[in-house]
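Working notes, structure below.
Values in this text are rule-based calculations from the coordinates and carry no lab data. Source: prediction; values computed, not measured. Cβ placement follows ideal geometry from the backbone for every residue including glycine, while neighbour counts extend to all protein chains displayed.
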């Protein structure tokens, strides 16, 4: 049995600057979309249209700090109301994942850069 999944990507960048160096870590994580599949299956329809959403967060001072981006694309019918619903779902998922992952990225920043400087 094939299980359809939607790809949700998290892209993060953390950066610290000291007097003589700039340290930066960039990483990507694929987020499991299982908790959203029941909602997304309702709008899948013929899958002839796609809606892509990106949500971003940045907390930097003079270029130092964290930035985080959540990206996802979902398919739906071509009817305008289905596209609007797909956009609302995708936007909500992106915002939820942004809020959920900010603390994780902050922890990584603190673990790598709090003792430096």
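Take the Cα radius of gyration of region 41-103 and divide it by 2.2 N^0.38 Å, N being the number of residues; the result is 1.37. In this calculation the C-beta distance from residue 114 to residue 22 is compared with R0 = 25 Å, giving a FRET efficiency of 0.95. Annotation: the residues 33, 21, sorted from fewest to most other C-beta atoms within 10 Å of their own C-beta, follow the order 21, 33. For the pair residue 29 and residue 11, the difference between a 0.36 nm per residue extended length and the Cα-Cα distance amounts to 5.8 nm. Under the criterion of Cα pairs below 8 Å and six or more residues apart, the relative contact order for the chain equals 28 percent. Over region 1-62, the fraction of Cα-Cα pairs per 10 Å bin, rounded to whole percents and listed from the shortest bin up, is 15, 36, 23, 16, 9, 2.
By its C-alpha gyration tensor, with a ≥ b ≥ c as the square roots of the eigenvalues, how is the chain shaped: rounded for a/c under 1.5, else prolate for a/b larger than b/c, else oblate? It comes out prolate by the Cα gyration axes. Centre-to-centre separation between the Cα atoms of region 35-64 and those of region 72-117: 6 Å.
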